[in-house]
Each structure stands twice: as C-alpha cells, then as structure tokens.
1. Output the number of residues of the range 338-373 satisfying the condition of being touching a residue at least 60 places away in the same chain (Cβ under 8 Å) and either outside the structural domain of R259 (by TED's automatic domain parsing) or among the acidic types (D, E) (or both).
2. Listed residues E187, E181, E142, E191; which is modelled with pLDDT of 95 or more, acidic (D, E) and surrounded by fewer than 17 Cβ atoms within 10 Å (Cβ to Cβ)?
3. Return the residues of the range 500-547 that are crowded, with 19+ Cβ neighbours inside 10 Å, in contact with a helix residue (DSSP H, G or I) (Cβ under 7 Å, 6 or more places away or on another chain) and more than 22 Å from T478 (Cβ to Cβ); say none if nothing qualifies.
4. Any idea which residue in the range 528-552 is modelled with the highest pLDDT, counting only those that are in a strand (DSSP E or B) and more than 22 Å from L321 (Cβ to Cβ)?
5. Take the conditions closer than 19 Å to N164 by Cβ, crowded, with 20+ Cβ neighbours inside 10 Å and in the same structural domain as T111 (by TED's automatic domain parsing) and apply them to V41. Does it pass?
6. Given the conditions (1) outside any helix (DSSP H, G or I); (2) crowded, with 18+ Cβ neighbours inside 10 Å, which single one is not true for G90?
7. Scan the range 493-527 for residues that are in contact with an Asp or Glu (Cβ under 7 Å, 6 or more places away or on another chain) and either among the aromatic types (F, W, Y) or not in a strand (DSSP E or B) (or both) and jot them down.
Amino acid sequence: MRYSRVAEAFEDLEATQKNLEKTDILAELFRDADDELANLVLLSTGTPFPAWKNMDLGVSSKTLVKIISKATGRSEDEITETWKNEGDLGLAAEAMVEKKTQQRLMTQEITVEKVVDRLQKVADTQASGLSQSVDQDKKQRELADLISSAEPKEARYLARIIINNLRLGIGEGTIRDALAEAFFDGEHSEEIQKAYDFTNDFAEVAEACREGIEKVRSLELELERPIKSMLAKKVETIEEGFEEVGKPAAIDYKYDGMRAQIHVKDGGVTVFTRRLEDVTEQFPDVVEAVEENIESENCIIDTEIVGYDPEDGSMIPFQKLSKRIKRKYEIQKLKAQIPVTVRPFDLIYLDEPILERPYSERWRELQEIVSEEEKVMKLVDHAETSEEEKVGEMQQASLSAGHEGIMMKSLEAEYKPGNRVGYMVKLKPVMETLDLAIIGAKWSEGRRSDWLGRLYLGCYDEENDEYLEVGKMATGLTDEQFQEITEKLKPLITKEDGRKVEVRPEVIVEAEYEEIQESPNYSSGYALRFPRMKQFREDKEQADSLQKVKNLYEDQS
Ligand code: AMP
C-alpha cells in the first residue's frame, strides 16, 4: 500500500473529533490494507513497534530538526522557527519538504512497508554495538533519506512517527473498534480487546482478525512477552474499598517499591518493569532470588521489589531504588548498596495462563510455589477479612512499619491487564508531596497588586544544573502567606517583564497536588495539577529533582 494513502487517511482522522468517524476512517484503511495490515496497524498506534517490545527510535525533537534539515536543505533555524509558529514539528517538516529547493529527479513512491522497514532498521542500528556518534550519524542519514523521498503530507506524519507523537487522537479503543468494524461488522470488540490485553501487539491481533474470530480467541498470554499490569483504583475509605472489591476481601500491605512482572520460562528468568522494560540485567539478585525460591519452571509472578538499607535492614523508598533501573554499569556495586527483597503478590501464569481464575485461587497457587527466605523472597503481608476494624488495624500497622498503606483486592476477580477496574484498590492516605523552588511569580491585580500572586514552581534538573518549570500555584495561600512570600521573593528578583518576575530559586515550598501530567507547556515537560502550598521548607536549599518528578509521574498511574 502506498504510504500516501495512509497520510490521507491520517489527515482525515486529524480533521474530526468524533470517535465514530475516526473508527470508520481507520476501518476503511484496515480493510484496504491486504498484506500490509500488520504494518499499517502499527503505524496507526504511532510507532512501528508493538507495545510489548517497549522500543522507540530515541530521536528527540531537536534531533528531528537536524534530520529535516538534512532531508530538505533548509536551515535548522528556519525549521525551528516554523515549528514554533505552527506549534508542531510535523507541520514544520511538511512545510520544509514543500519548499525543498533541490528538485527531486525521480519521485519514488513510498510504501507502508518501506516506512516500517526503514524505521525498524534504524532501531536495530541503535541496538547494534556501533559507537555512539557513528550510530547517531547513520540513524540521522537513514531517516533524512526517508523524509527526503516523501511528499509534503507524508513528511508530516513521518516526522510525527519518528518522535512518537502522532497526534491523531486515536487510542487503543479506537484501533480495537476499527478492527472489529473492518473484519466483523462491528462485533467482537471485547474479544479483540482481550486478545490485545494478552499479546500487547496490535499487529498480531490484526493478523488474527483477518483470519477469523477463532484465531483471535486463540491468542494467549505468552512467556517472555510482558503484559500490562493490572492497576489499582484509589479509594478514600475502607468502606469505599469494600464497596469496590466486595466482602470478604484480601488485604495486602502496600510497599513503596518497584512493580515487576517476572517471567520464568524453562527456568530462565526475565524481569519487566511496569512500563514493560526488560531490566533483567540490572537485577541479577532478583533473578537469583527467583531461581532459588520459586518452585516453577514456567510461570509469571506479579511482584513488588522493595529496596532496603544494607546497614540496618530498614526499607528504602522507591525514589532511591529507582537508581538501579537505569543503571547499566557497576551493577554489582549498586546491588550491594541497594539490596532488594522480592515480594510476590499475584500469579498469572503457571504452566498455562491462569489470569482468568479467581484471585483467591491464584494466591493459593502462589503460596505453593514461593519458598520464603529472609530479605530475599517474601510473600506480601496478606490477610482475608470482612471486618473494617481488622482492615483499619492492618493499615495502621503497615503505615507504622513505614509502608504506604494497604491494597484491598477482590477474592473472586480475574486478573485484568492494564485496567483500573475495581478488582484491586489502594487505600493510601498520604500523598507524596514535592519540594519545589519558586522560580518566578506574577504581580497580582486589584486589591493585592502589591503582592506577588501566582507562583511558578520549578524542579531541579541535575544533568543541566538548571531549574525547570513544573507548575503554577495560585491557591492554598492565606493573605499572610502571600505577604510573606512577597517579602521573601522581592530581594531575589532577577528580571521583570510586565507583571511577571523571575527570581533566584532560593525559596523552597512543599507542594501538594492532584496528579502529575505530561505537558509540553512547561520546560520540565511535566505539570502538577492543582498544586497547593503545604509549607515553606526553610530547611531545604535545593528543590526536588526532575528525576523525582518523573518517577512520581511514572509511579502514579
Ligand atoms: P499506585 O502506584 O499508587 O497506583 O499503587 C499501585 C502500585 O502499588 C502497584 O503498581 C504496585 O507497584 C504497588 N504495590 C505495592 N504493594 C502491592 C501489593 N501488595 N499488591 C499490589 N500492588 C502493590
């Protein structure tokens, strides 16, 4: 299939906000795809890789500017300028290709296959052992070559796919429904969803759809192909918890560790994070713990990996443990500095998928295969009860022991990958706050015009030694606090521009918030929703790091 056909469909998708129309457009595209269906479906997800592979091309927006420049002969400044004006790098790429001065001698049609092959090949280049710069250069040339052979509209979507930001407003649900419509007259959506939940691979699901519903039904969970973790809803009270999960319920301690889905296949161990990243190499101790203490050659266990202090054995927060996730060198050293205990809480595969069996059974099976060893492998603290009082006691005990609270789980429920269905809820009274620097402010208007009102909050980017904005705070402050803040900030002002001022980042405040979102509008790339002032942190000189914001963001969903 010609890639231009895809670009046209993408443009139609972009033009409508209506979900049904989006589904129709996609379904038509899928119907026309023939042999290219798998590739096409992948492109519609915005990346040429299936979700379970957890891959991306590793091209930043800045690098894409360079690539577009190489492809079109336009200067990086011009591209950046157009990007700013259009608000989108895809549109900038389109405009540049349109302006491209050097006429193409031969226009060669790009096919969907070519696009996907090229993008996948570039990813392989990255994975190969070439030196960093050769690698980067080759990657950029390959991508530039692709863009340079594209028509303007094709370039728009190529650029967006390269930075994994397709912006068509289509999610998993739309793709699922479009497959149902294309192949089953709109039926079997649920089964398609299930097949996707098990495989995490729309290319494979789409191929199965083409073969028929029986094939879709036959898709199963496979070892070494991670599935999305079941997520927890949040509840405020124990009563609300019981309403969600029913009585009696399982009550677990909630630990502040790292979620890990551990696959054992013919005795070999693979460790995946909740983002489906393979971190086996970073956690040789986890591999060993599983080899020694899990009595099954073929299983998938859902666990929380909890770090502890080697000196006194006390638990350490995820924040510290997270160091081990990214680290690719000196692993043995780090392992000694931050040892971990594996705490299994669910079993979803035991010689065959068992995720549709009730949790109470899965838990019993899990108990059978785990042999506990102090500090190495220990089932989560777990009880089963209908009594609110008992739950309250557990919550207290968990918090006093320095954990995060408790989870309440339905004993009857199946394991639902990726979903925040109410089969498992978290009762976590304490929200983690952030200590942030005030990096700017705005003079108020009216009655408070002598005061600095709106406050711009920043976290600290350790890598570049600078402060980056993560939110604006205008509420949660009393008049006295506004006054106090104004007094504190006035001597720190470095620049004024209208009502806006910039200040040296010396006042640190502890902020509460509803949640952290990704946001292109803030220099940190993240935005706190409804940040509120909790207190000044006079005792602190530096704000929390960008890494902490990132970790909290990743940990919250
Ligand atoms: P949250 O990250 O606040 O949404 O809470 C859900 C997370 O708690 C899960 O993704 C796990 O990483 C973690 N967790 C800690 N202890 C448990 C437990 N006993 N059962 C399930 N999840 C747990």
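The values are calculated or read from the model by the stated rules, or taken from the named source; none is laboratory data. In this text the structure is predicted, and so the values were computed from the model without any measurement. When we count neighbours, we look across all protein chains shown, and the Cβ atoms used for this are built from the backbone with ideal geometry, even at glycine.
1. Qualifying residue count, the range 338-373: 4.
2. Values: E181 fails: surrounded by fewer than 17 Cβ atoms within 10 Å (Cβ to Cβ); E142 fails: modelled with pLDDT of 95 or more; E191 fails: surrounded by fewer than 17 Cβ atoms within 10 Å (Cβ to Cβ).
The conditions single out E187.
3. Scanning the range 500-547 gives I516, S524, Y526.
4. Within the range 528-552, the subset in a strand (DSSP E or B) is 528-529, 532-536, 545.
Pick out the ones that are also more than 22 Å from L321 (Cβ to Cβ) and you get 528-529, 532-536.
On the way: L528: 91, R529: 80, R532: 79, M533: 81, K534: 77, Q535: 81, F536: 84.
My answer is L528.
5. no
6. Here G90 meets the rest and fails (1).
7. Y522, S523, S524, G525, Y526
Per-residue answers, yes or no, for (1) in contact (Cβ under 8 Å) with a residue 60 or more places away in the chain; (2) surrounded by 15 or more Cβ atoms within 10 Å (Cβ to Cβ); (3) more than 13 Å from the ligand (Cβ to nearest atom); (4) not in a loop (DSSP other than H, G, I, E, B):
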residue: Q282; (1), (2), (3), (4): no, yes, yes, no
residue: V286; (1), (2), (3), (4): no, yes, yes, yes
residue: A289; (1), (2), (3), (4): yes, yes, yes, yes
residue: S296; (1), (2), (3), (4): yes, yes, yes, no
residue: D312; (1), (2), (3), (4): no, no, yes, no
